[in-house]
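**Student:** Okay, handing you the structure first.
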Amino acid sequence: MTYTFGGGIRLEEHKNTRDKWVETMPAPKTVSIPLCRHAGAPAEPTVKVGDAVKIGQCIADTNGTLSCPVHASVSGKVIAIEERTTPTGETVPHVVIENDMEDALHSDVQPFEKPLSDTEPEEIVDIIKNAGITGMDAASFPTHEKLRAAIGKADKIIINCAQCEPFLHADHRLTLENPASVINGIKILIKALDVHKAYIAIGDDNAAAARKIKKLIRGSRMISVCMLKSKYPMGDERTLICSLTGRELPSEKSPLDVGCIVFNVQTCVAIYNAFAHGMPLVKRIVTVSGDAVKKPKNVLVPIGTSFSDVIDFAGGLKREPTKIIEGGPMTGQAVSHSNTPVTKGTTAILALSRRFEAPVGTPAACIRCGRCVKSCPMHLMPNYIAGFARKGEVAKAERFGAMACIECGVCSYVCPGRVEITNCIKTAKAEIKKLTETEE
């Protein structure tokens, strides 16, 4: 499949997982579940080494701050609670569970019996909180906090099914294979926020899923399907909001400032599962791909499963990868070892060979070609922002719109001078945030 970027740049996938049905991976021998791979503070462990746990049992709870509960994805025994390093370089506590292979469910895993029509918004928020549901993307913002902030402010819900980054097909398969759960999750969100309109944003290359959903919502005035051109980075929430509502979102504003709230499609299904089955967020769909993987596929994986176990389920490696990436090739994070665990925000595991490496040779240097400017979906001047960032002049970088950057990676991809523009801008944004927090 060929992907088109803002400036007309094209990227071919090595091997496609678009037509690969989601396979359920057997639970591994051990899982290592991080207690903070979401926005906010780490959850506090509620178990200790030697404790027996069951699937769906809360193993770490919130401490009152912006946080999210964590649940066991397998049944077995806690063999360690220890600090480990994440791909982002953070050191966070992990609960390591040895699987007893019995797949025993905890007694708390019970469906919500009350009719949705009789359920109050705060009840829905509490159920979502207790299920440990986060946005199932890299940011992984706790969904209950997002909902609580949106009550009375949002008038439109946008469900993001427009996953258009190369190699990533988990959301595509979910909408195609399980559209009813997506719709039921949306209905719960509509009830929680008391809104009258929800848009399901789907790329035009996912027409089959759109047809299935349209058939299921036929006659509905509250839910509609919107077909969008599959053009990277259409899946960014600012781009989605502008495309669907015409409302432009300034860099210093949040979606709620224009009356919108955006949810990932997998988050919708997790919400439905919490209500219909009482199951917390303990599994997610991950795309396993890259030219070094023998049998690329989409896999339903227990949270905490190591990347190496997931790759083994995909047939293992057929050649030595030079890089293993968590997420997509444009926005993902390279990991330092294959023992990295799958988290609620792991969209993909990519094992890429040297074929995908940037050419080496001359040092990186901006040649003033303007390709990054032409390709920027936010209409910024990435060359100037990155230049100021490299000199440490973050105030100037901010004046040129650094905070409006969505970190899509297109500028770095198109740069013939091989300047790591996106990384420079990320660094500048981090410094700007620190300065802002200091001033407050």
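**Student:** Just the number, please: carbon plus sulfur as a percent of the accessible area of the chain, 1.4 Å probe, no ligands or DNA/RNA counted. Walk me through the numbers on the way to the answer.
**Tutor:** Details: 9810 of 19760 Å².
Roughly 50 percent of what the probe reaches on the chain is carbon or sulfur.
**Student:** I've got another one for you. Give me the dipole magnitude in Debye, nearest 20, for segment 19-158 about the Cα centre, with unit charges on the beta carbon: positive for Lys and Arg, negative for Asp and Glu.
**Tutor:** Result for segment 19-158 is approximately 320 debye, rounded to the nearest 20.
**Student:** OK, next. Would you mind working out the magnitude of the charge dipole of segment 166-266 relative to its Cα centre, with +1 at each Lys and Arg C-beta and -1 at each Asp and Glu C-beta, to the nearest 20 Debye?
**Tutor:** 560 debye
**Student:** GluC sites (Glu not before Pro) within segment 106-160: which are DSSP loop residues with at most 13 other Cβ atoms inside 10 Å?
**Tutor:** Values: sites: Glu113, Glu122, Glu123, Glu145; in loops: Glu113.
Counting only loop positions with at most 13 other Cβ atoms within 10 Å, the GluC sites (Glu not before Pro) in segment 106-160 are Glu113.
**Student:** Moving on to the next point. By average Cβ neighbour count within 10 Å, what is the ranking of 69-76, 289-296 from highest down?
**Tutor:** 69-76, 289-296
**Student:** Hey, can you rank 403-409, 213-219 by average C-beta count inside 10 Å, highest first?
**Tutor:** The most tightly packed comes first, giving 403-409, 213-219.
**Student:** Given charges of +1 on the Cβ of Lys and Arg and -1 on the Cβ of Asp and Glu, with all other atoms neutral, how large is the dipole of the chain about its Cα centre, in debye to the nearest 20?
**Tutor:** So the magnitude is around 1780 debye.
**Student:** Also, I was wondering about something else. Given axes a ≥ b ≥ c from the Cα gyration tensor, I'd like to know whether segment 134-236 is rounded (a/c under 1.5), prolate (a/b larger than b/c) or oblate.
**Tutor:** It comes out oblate by the Cα gyration axes.
**Student:** Ok, one more. Under 5 Å between amide H atoms, partner at least 5 residues away or on a different chain: which partners does Phe141 have, H built in plane at 1.01 Å?
**Tutor:** Ala39, Gly135
**Student:** Pop out the ³J(HN,Hα) list for segment 106-123 in order, Karplus 6.51 cos²θ - 1.76 cosθ + 1.60 with θ = phi - 60°, rounded to Hz; leave Gly and Pro as x.
**Tutor:** These are the phi-based 3J(HN,Hα) values: 6, 5, 6, 7, 9, x, 7, 7, 5, x, 4, 4, 9, 8, 7, x, 5, 5 Hz.
**Student:** Can you give me the distance in nm between label points at Thr322 and Glu44, each placed 7 Å from the Cα along the Cα-to-Cβ direction?
**Tutor:** 4.8 nm
**Student:** Can you list the HN-Hα couplings for segment 264-276, worked out from phi with the Karplus curve (6.51, -1.76, 1.60; θ = phi - 60°), rounded to whole Hz and with x for Gly and Pro?
**Tutor:** Calculated HN-Hα couplings, in order: 6, 5, 5, 5, 4, 5, 4, 5, 4, 4, 5, 7, 6 Hz.
**Student:** Using the Kirkwood radius over Cα pairs, work out the Stokes-Einstein diffusion coefficient for segment 258-338 at 10 °C and 1.306 mPa s, in µm²/s as a whole number.
**Tutor:** Stokes-Einstein gives a translational diffusion coefficient of 109 µm²/s.
**Student:** Of the DSSP beta bridges with both residues in the chain, give the percent that are antiparallel, rounding to the nearest 5. Please list the in-between numbers first.
**Tutor:** On the way: 38 of 62 bridges.
That works out to approximately 60 percent antiparallel.
**Student:** Using θ = phi - 60° and the Karplus form 6.51 cos²θ - 1.76 cosθ + 1.60, what ³J(HN,Hα) does each residue of segment 383-393 get, whole Hz, x for Gly and Pro?
**Tutor:** With coefficients 6.51, -1.76 and 1.60, one gets 4, 6, 4, 5, x, 5, 4, 5, 8, x, 8 Hz.
**Student:** How do Met279, Met227 rank by accessible surface area computed with a 1.4 Å probe, from largest to smallest?
**Tutor:** Per-residue accessible area, sorted high to low, gives Met227, Met279.
**Student:** Ok, one more. So what does Arg371 come to for accessible area, using a 1.4 Å probe and Å² rounded to 10?
**Tutor:** For Arg371, the solvent-accessible surface is approximately 120 Å².
**Student:** I've got another one for you. Normalise the Debye intensity by I(0) for segment 77-190, one equal point scatterer per Cα, no solvent, then take log10 at q = 0.16, 0.17 Å⁻¹ and round to two decimals.
**Tutor:** -1.14, -1.22
**Student:** In addition: Of [x] 4, 16, 21, 22, 20, 13, 5, 1, 0; [y] 4, 20, 31, 28, 13, 2, 0; [z] 4, 17, 25, 25, 18, 8, 2, 0, which is the value of P(r) over Cα pairs in 10 Å bins from 0, in percent derived from the coordinates here?
**Tutor:** Answer label, from the structure shown: [y].
**Student:** Would you mind working out the accessible area per residue for the chain, using a 1.4 Å probe, and quoting it in Å²?
**Tutor:** On the way: 19760 Å² over 440 residues.
In whole numbers, the chain has 45 Å² accessible per residue.
**Student:** Counting only C-alpha contacts under 8 Å and six or more residues apart, can you give the relative contact order of segment 241-398 as a whole percent?
**Tutor:** 16 percent
**Student:** Right, here's the next one. Taking square-rooted eigenvalues a ≥ b ≥ c of the alpha carbon gyration tensor, is segment 213-367 rounded, prolate or oblate, where a/c under 1.5 means rounded and, failing that, a/b exceeding b/c means prolate?
**Tutor:** The shape class here is oblate.
**Student:** Also: Leaving ligands, DNA and RNA out of it, rank His172, His106, His196 by accessible area with a 1.4 Å probe, largest first.
**Tutor:** His196, His106, His172
**Student:** Indicate the gyration tensor shape class of segment 198-272 (rounded, prolate or oblate), computed on the Cα atoms with a ≥ b ≥ c the square roots of the eigenvalues: a/c under 1.5 is rounded; otherwise a/b larger than b/c is prolate and the rest oblate.
**Tutor:** Because a/c hits 1.5 or more and a/b exceeds b/c, segment 198-272 counts as prolate.
**Student:** Another question, if that's okay. Straight-line reach only, C-alpha to C-alpha below 26 angstrom: list the lysines that Lys191 could link to, leaving out same-chain residues fewer than 8 apart.
**Tutor:** Partners within reach: Lys114, Lys129, Lys146, Lys153, Lys156, Lys212, Lys214, Lys215, Lys253, Lys283, Lys344.
**Student:** At a probe radius of 1.4 Å, what is the per-residue accessible area of Phe141, in Å² to the nearest 10?
**Tutor:** Ignoring ligands and nucleic acids, Phe141 comes out at about 80 Å².
**Student:** Can you list residues from other chains, or at least 5 along the same chain, whose modelled amide H is less than 5 Å from the amide H of Leu228?
**Tutor:** Ile202, Gly203, Asp204
**Student:** Compare the peptides 333-343, 200-210 by average per-residue count of other Cβ atoms within 10 angstrom and give them in order, highest first.
**Tutor:** Top to bottom by mean Cβ count within 10 Å: 200-210, 333-343.
**Student:** At 1.4 Å probe size, put Thr245, Thr287, Thr30, Thr427 in order of accessible surface, largest to smallest. Mind showing how you got there, number by number?
**Tutor:** On the way: Thr245 40, Thr287 0, Thr30 60, Thr427 80 Å².
Ranked list, largest accessible area first: Thr427, Thr30, Thr245, Thr287.
The values are calculated or read from the model by the stated rules, or taken from the named source; none is laboratory data. In this text the structure is predicted, and so the values were computed from the model without any measurement. Glycine also receives a Cβ, built like all others from the backbone with ideal geometry; neighbour counts cover every protein chain displayed. Keep in mind that these areas ignore ligands, DNA and RNA; they rest on the heavy atoms of the full protein, side chains included. Shrake-Rupley method; radii C 1.70, N 1.55, O 1.52, S 1.80 Å.
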